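Scroll down for the structure; my scribbles are underneath it.
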Amino acid sequence: MKYQISGKQIDIGEALQTHVKNELGTVMEKYSQRPTDAQVVFSKNAHVFVCETVVHLSTGLTAQASASATEIYAAFDECAEKLDKQLRRYKRRLKDHHKDRPNPVETLGGASYILAAEDEADHAEPETLQPIIIAEMETRVPTISVGEAVMQMELVDAPVLVFRNEKSGGVNVVYRRRDGNIGWIDPGHTA
C-alpha cells in the first residue's frame, strides 16, 4: 500500500509515520486483499490534533474518517478505529463487490465548486443572483450501482453522493435525509 502522510504546519516524525503505516496496514489487511493507497493528514487546531484519513480501495471505492484528540497518536488511533468500524460494517459487501467487479470502478472527471455563503447579518437584497465561487476543484463521479453508492456515501461519511447509475447510465444522487433514511434521485425515471 502506498502512503502519503503529511502535516499541515506541523512536523510529522518517523516514529509517527511508522505507527500510521503499521496500524493502517493492519486495518486494511483485514478487509482488502489488493493494494490500496492512503492519505493521512495531521493538523493542529489550538491544543487539539486533528487526523484526516482517506483510503482508496483497489475497486475504486473510498473510505474516509477523521478524529481529534489532545495527543497526535490518540487522534490517529481514533481515526483508524473509525475506519476499521466502517470497513467491518461493509466487509461482506466489499468482498461481494470484489467478486462481482473484477475491474476497478470507472469514474468520470468533473468540476466541483465551493460557493461563498451569504452573510447572515446582511439582509439586503443581493446585487446579483450569481454566486461567488471561492474554490474550484476536480472531482470524480463513479459509475456504480445504487447499493454501492449508498455504501460509498456512508464509507466517506458524506451527506450526499453524485454517481452515474451503472444500470441506466444516467447521473443519480443519493443523500441522507433529516429523518435518517437515504433518499435517491433518478432524473431518468418518474414516479
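The values are calculated or read from the model by the stated rules, or taken from the named source; none is laboratory data. From a predicted model like this one, the values you see are computed outputs, not experimental measurements. Counting neighbours? That spans all protein chains shown, and the Cβs are built from the backbone with ideal geometry, glycine included.
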Kindly indicate whether Val150 is at pLDDT 90 or above and assigned by TED's automatic domain parsing to the domain that holds Ile114.
-> yes
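Here's the yes/no breakdown for (1) part of a helix (DSSP H, G or I); (2) closer than 25 Å to Thr107 by Cα; (3) assigned by TED's automatic domain parsing to the domain that holds Met151:
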| position | (1), (2), (3) |
| --- | --- |
| Ile12 | no, no, no |
| Gln17 | yes, no, no |
| Ser43 | no, no, no |
| Ala74 | yes, no, no |
| Asp77 | yes, no, no |
| Ala80 | yes, no, no |
| Leu83 | yes, yes, no |
Among Val48, Val20, Val40, the single one that is buried (at least 17 other Cβ atoms within 10 Å of the Cβ) and more than 18 Å from the chain's Cα centre (by Cα) is Val20
Filter result (assigned to a strand (DSSP E or B) and more than 23 Å from Glu106 (Cα to Cα)) within region 45-64 | Asn45, Val48, Phe49, Val50, Cys51, Glu52
Total residues in region 59-113, condition surrounded by 15 or more Cβ atoms within 10 Å (Cβ to Cβ), at pLDDT 70 or above and closer than 14 Å to Gln152 by Cα | 13
Could you check, for region 125-138, whether at least one of its residues is closer than 24 Å to Trp184 by Cα and modelled with pLDDT of 75 or more?
-> yes
